[in-house]
1. Roughly what percent of Cα-Cα pairs across segment 19-104 reach past 22 Å?
2. Translational D (Stokes-Einstein, µm²/s) of segment 192-237 at 37 °C and 0.692 mPa s when Rh comes from the Kirkwood sum over C-alpha pairs?
3. Give me, ordered by chain and number, the residues 5 or more places off SER130 or on other chains with an amide H under 5 Å from its own placed amide H.
4. At a 10 angstrom cut-off on C-beta neighbours, averaged per residue, how do the peptides 75-86, 319-330 rank from highest to lowest?
5. Can you list the HN-Hα couplings for segment 128-145, worked out from phi with the Karplus curve (6.51, -1.76, 1.60; θ = phi - 60°), rounded to whole Hz and with x for Gly and Pro?
6. P(r) tail for segment 115-251, what percent of Cα pairs lie past 21 Å?
7. Out of all DSSP beta bridges with both ends in the chain, state the antiparallel percent to the nearest 5.
8. Compute the whole-percent fraction of alpha carbon pairs in the chain spaced more than 41 Å apart.
Amino acid sequence: MTTSTTSTTSATGTLSREIRLAARPVGEPGPHHFDLVATEVPEPAEGQILVRNTWMSVDPYMRGRMDDAPSYIPPFALGTALEGSAIGAVVASRSAAVPVGATVSHFLGWREYAVLDAAAATVVDPAVASQSSYLGPLGTTGLTAYAALTRTAPVKEGDVVFVSAAAGAVGSVAGQLARRLGASRVIGSAGGPLKTKKLLDRFGYDAAVDHRQGDLAGQLAEAAPDGIDVYLDAVGGDHLQAAIGAMRQGGRIAMVGAISGYNATAPAVGPDNLFLAAAREVTLRGMLVSSHFDLFPEWIGRAAGWLADGSLRTEETVVDGIEHAPEAFLGMMRGANTGKMLVRLSPEDAAAKATPSTPGTPGTTTTTSTTPNTTTTDAR
């Protein structure tokens, strides 16, 4: 990753570092695909705000935006800052709707400061939950779990539910949510004994499948000998094949991602048992979380209370500093995170987060991981 500085007209005199896409990866991305650039922050125009970002998110869908290919969202442009969800404090405003001092969520992450239209920002309440929660359980990852299990593949009373990537940002919420929606048994897939133990001990799963041990179909059959009714698919490939094979009559599959094929240089191998989906009248339905933003008030209204009373358990894997955002993204793509992978951008917020608990997130603890500049936050 290279480092450089640029300047702009009508600048505030403040420098902001940002991560730009230096080259389009073929296969797995590496540090050389990113540039760290320092640029002067422009003055906000009428109707705009200037935000000092405190947290930013890295997510699997961003890998697809690095390819110059048609999709549901435009690709990242070479030589410009990447985009993604972020939380920050408004430090200058030319909009009566969003005052200085407000905490907002927006889509101009991957940079320390962002100038954007006030209409593109959502004011959030840090007294209800920690700032970072609005990028995780109260953000699009939590909403993905909720929409998937209430709309796309709705869970019914007594259902057996299977969730892939169950120790990740979506999956760690989905297992607990499935139980609340009436599931009789919840099974999760994760990689390695530490994560599978976490599924059982912390995230409310009844059984855990370790995909690194192979024979996914056999492990799933052992965990659900009578089959499954609902599958939340974030992986694709062998996970989707095993789930189809285990589906009961009238089963439902929410297809929210396929991370197993995001770095593929050849067409990803798909399931070869789709005939079972027809014979068992299984519904396979794709899902974009952006089509379900109308559920946000309903979801936050429910999930904020569960976070506050500690009954919704979540975790965050945190990397400090914009310069380490690429390594956070690359680590997330390799499964280095438990729960939500985040980048903490503000030194002030880093100092506040180092205390044993955070207002709005009871029982929060922070431990240092073995990866430099990374902490794992346990937010109940």
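Just so you know, all these numbers are worked out from the coordinates, no wet-lab data involved. The structure displayed is predicted, hence computed values, not measured ones. All Cβ positions, glycine included, derive from the backbone under ideal geometry; neighbour counts span all protein chains shown.
1. 40
2. Details: Rh = 11.6 Å.
The Stokes-Einstein estimate is 283 µm²/s.
3. Amide H neighbours of SER130, under 5 Å, 5+ apart: THR361.
4. Values: 75-86: 18.2, 319-330: 21.9.
Sorting 75-86, 319-330 by mean packing, highest first, produces 319-330, 75-86.
5. 7, 7, 4, 3, 5, 4, 6, 9, x, x, 9, x, 5, 5, x, 5, 4, 4
6. Details: 3886 of 9316 pairs.
Counting every Cα pair in segment 115-251, those more than 21 Å apart make up 42 percent.
7. Working: 43 of 75 bridges.
Bridges in the chain are about 55 percent antiparallel.
8. Working: 8632 of 72010 pairs.
Result: 12 percent of Cα pairs exceed 41 Å.
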